[in-house]
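Visitor: Attaching a single structure in structure tokens format; questions to follow.
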Amino acid sequence: MTETARGEPLLQIKDATMEFGGGFLSSQPPLVALDSFSLDLHESPAQITTIAGESGSGKTTLANLVLGFIAPTRGQILYKGADVSQLDRKQRLTYRQEVQAIFQDPYEVFNPFFRIQHTFNLVMRHFPLARDKAERRELIEEALNVVGLRGDEILEKYPHQLSGGQRQRIMVARAYLLRPRLIVADEPVSAVDASLRAMILDIMLRLRDEHGISFLYITHDLSTAYQIGDNMIVLFQGITAETGDTGRIIENPQHPYVQELINSIPVPDPKIKWDTNIRLPAEETMRTQGAEGTASGCRFYQRCPHRMDICLEKQPPLIPVESDHAVACYLYDDGNEE
């Protein structure tokens, strides 16, 4: 795999689209899980890019595409300029080492029949990280120390003997052991309590600042996105609704969906009654709108208070509203202002 040229992104996603279903034998249009998604992620400086959105927005589909578990229906995913789907065996091994993952559920990623040591032995077996047993142990201890654990306390234990927070930190240590350039973190703190959530987020920040590791942080939790995210991309039913600086988006959202998302966060005031009556159009109707070819319009149309006739004609493109901040909404198109 060639060295990253100056200015060339570490990871580049070009108009990636992922469809499920449909086809010649189906009377239904395909479900578009991710629609024309693009992203440039540079190696330096290391950054945490947040992919945010509600359930079904395409976040996990994007993670699976980046990790190479599935291939896009259309579009490309490039790593250091090479198409991930076209990598040879040696290049793919390098990619597996340099792009790691942390998953949501720390209970399901371990084999309950093996001790924790086995998790690290597998890594050592597949990647030439150490020359002998002593060096292997040293590297494992260093990785565990980064996440606040010690080998003599956990390596000989079985997964069920550890807490969920310990298991999740072990997964972070396993990823760090390979010295990756990018970690895809899919809801890494949603299954742990508040104190451990803060600890894991702090570990991610230190890996970014001290070790130059970038993250794709996938979450539905806007509060944690605000805490650690440098940049944010908000997805809605597979399309990019808004993209830009995390603080700018959360403090001053521009897309009607993102405004709705931010405003839905309850105010911590006992005097204010929460409105728990949620009225949404049928999910199937919303999802297939945009899966029917060129005539499809904005997927947020049925929920949008600012909808216009043009919104039914085609999905709005990303329109710049200021430097490094873009919104997929015709409200910001000079030719279509209300």
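Visitor: For a quick check: with amide H placed at 1.01 Å from N, whose amide H comes under 5 Å from Ala101's, ignoring anything fewer than 5 positions away on the same chain?
Guide: Here Val184 satisfy the definition.
Visitor: By count of other Cβ within 10 Å, fewest leading, how are Val66, Val327 ordered?
Guide: Details: Val66 24, Val327 28.
Ranked by crowding around the Cβ, least crowded first: Val66, Val327.
Visitor: Arranged from highest to lowest average of other beta-carbon atoms within 10 Å per residue, in what order do the peptides 235-248, 52-65, 35-48 appear?
Guide: Top to bottom by mean Cβ count within 10 Å: 235-248, 52-65, 35-48.
Visitor: Now, a different point. 5 Å is the cut-off here: which amide hydrogens, built 1.01 Å from N in the peptide plane, fall below it relative to Thr50, excluding neighbours closer than 5 in sequence?
Guide: Distant-sequence amide H within range of Thr50: Tyr217, Asp230, Asn231, Met232, Ile233.
Visitor: Karplus couplings for the range 50-56 from phi (6.51 cos²θ - 1.76 cosθ + 1.60, θ = phi - 60°), rounded to Hz, Gly and Pro as x?
Guide: So the J values, rounded to whole Hz, are 8, 10, 10, x, 6, 4, x.
Visitor: Follow-up question, since we're still on this one. With no solvent and one point on each alpha carbon, what is the Debye value of log10 I(q)/I(0) for the range 38-165 at q = 0.22 Å⁻¹?
Guide: -1.37
Visitor: Could you give the dipole magnitude of the chain about its Cα centre, charging the beta-carbon of Lys and Arg +1 and that of Asp and Glu -1, in debye to the nearest 20? Display every interim value, and only then the final one.
Guide: Values: 34 positive and 46 negative charges, 289 e Å.
The dipole magnitude comes to about 1380 debye.
Visitor: Order the peptides 148-157, 310-319 from the highest to the lowest mean number of other Cβ atoms within 10 Å of their residues.
Guide: Values: 148-157: 14.6, 310-319: 16.5.
Highest-to-lowest ranking by the protection proxy: 310-319, 148-157.
Visitor: Determine the equivalent ellipsoid of the range 97-141 by diagonalising the alpha-carbon gyration tensor, then write out the semi-axes as square roots of 5 times the eigenvalues, largest first, rounded to whole Å. The partial results should precede the final answer.
Guide: Working: eigenvalues 90, 39, 15 Å².
Whole-Å semi-axes of the equivalent ellipsoid: 21, 14, 9.
Visitor: Show the residues, 5+ positions off or on another chain, whose built amide H is closer than 5 Å to the amide H of Val321.
Guide: Ala326, Val327
Visitor: Count the DSSP beta bridges whose two residues both fall in the chain, then state the antiparallel fraction as a percent rounded to the nearest 5. Show your work: numbers first, answer last.
Guide: Details: 25 of 43 bridges.
In the chain, DSSP labels about 60 percent of beta bridges as antiparallel.
Visitor: Could you please report the charge total around Ser85, scoring K, R as +1 and D, E as -1 over all other residues with beta-carbon less than 15 angstrom from its beta-carbon?
Guide: Numbers: positive: Lys14, Arg74, Lys80, Arg89, Arg92, Arg96; negative: Asp15, Asp83, Asp88.
Computed value for this residue: +3.
Visitor: Divide the volume of the convex hull of the Cα atoms of the chain by its number of residues and quote the answer in cubic angstrom per residue.
Guide: 175
Visitor: Each residue of the range 163-173 in turn: what ³J(HN,Hα) in whole Hz from Karplus with 6.51, -1.76, 1.60 and θ = phi - 60°, glycine and Pro shown as x?
Guide: 6, x, x, 5, 5, 5, 5, 5, 5, 5, 4
Visitor: So, one more: Highest mean first, how do 111-123, 208-220 rank when packing is the count of other Cβ atoms within 10 Å averaged over residues? Please report the intermediate quantities before stating the final value.
Guide: Working: 111-123: 15.5, 208-220: 19.5.
The packing order, highest mean first, is 208-220, 111-123.
The numbers here are math on the coordinates, done by the rules we state, and not lab data. In this text, all values refer to a predicted model and were calculated from it rather than measured experimentally. Note that each Cβ is placed from the backbone with ideal geometry, even for glycine, and that neighbours are counted across all protein chains shown.
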